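A quick write-up on the structure given underneath.
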């Protein structure tokens, strides 16, 4: 059995047909790579020289054993990606563990009032009392106001990105001509490359005056943040939704047209239901970006840590989980940093869960279109 495992490892690293001398070259590169990782973790000062040695040996191997070295490098790239995600996950959870041990469920409770900690959904918190939720100097570490702010901004962003993303995807996939499609789709995807701080600055400058004039409000609010983040999520929703609509077999739409249905009736009754899984997956991915957005929200809203009063006031402002980390981390004490890592764990779990759900939905859509159950 050990021999079989060795053969599998050899085939994975070198392939079936190997050039004479290639195992030595690949083995040397692999040894130096492992040594580099060990040096990075144990002796950081040696990491850079080890990286140089790895690059030099790998470059020499590339000159003579290009196929084997290329295969090895693709495997290394994949493994390093997995290891990076694993290291980040482990570091995040281990860093948050001290706060969980010290505060426990207190991070998700309203601070103690009259000796009684109150849960968020108690009636008293529908109209929040005048109490301190976040004050590191006095030991008040309640993340509930930031969780609520994150939920409000995400709901507003979903209300923007959902309908606009659906209609944008429908236009590109079903209505636009080939020339217009080749122009519009890259233009939409370019929006994803604009830095988030630029979105936040432009959104605040453009929408702030409008909100002050139209609603007689101070300006910076959940509404502005939700609108800006919704626009930021649009490229994801439109792109994934368009791919889902384009994957619907033409025969389904042609059959509907042949039965006398109009183009809109075909889109409404055939295209959208058939591609609904993919559209919903795009919306979930877009909302995942909305939940994890930091700089745009931090540029728009003040870093308040109190509830909106009342809770449904979209013209109020408060820090979200991401903006709390961005604004508090620089001056945070060690105990506060661990609580901020708890906020990071919450975001990590939520966004990762939404990504898994979207991938599951998209996989089911593809299986459905192929006639599989």
Next item on the list: Would you order 171, 204, 210 from fewest to most other beta-carbon atoms within 10 Å of each residue's own beta-carbon?
Entry: 210, 171, 204
Checklist line | Separation in nanometres of the label points that stand 7 Å from Cα toward Cβ, at residue 140 and residue 73 | finding: 5.7 nm
Note to self: Need one word for the range 231-373: rounded, prolate or oblate. Basis is the Cα gyration tensor (sqrt eigenvalues a ≥ b ≥ c); a/c below 1.5 gives rounded, then a/b vs b/c decides.
What the structure shows: prolate
Item checked: Ranked list, fewest to most other Cβ atoms within 10 Å of each Cβ, for 250, 313 -> 250, 313
Checklist line | Burial ordering of 271, 29, 355, fewest other beta-carbon atoms within 10 Å first | finding: 355, 271, 29
Item checked: Those residues of the range 231-270 whose amide nitrogen sits under 16 Å from the label point placed on residue 189, 7 Å along Cα→Cβ -> 234-247
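Rule-based calculations on the coordinates, nothing more; no lab input. All values reported here derive from a predicted model rather than from experimental measurement. Glycine also receives a Cβ, built like all others from the backbone with ideal geometry; neighbour counts cover every protein chain displayed.
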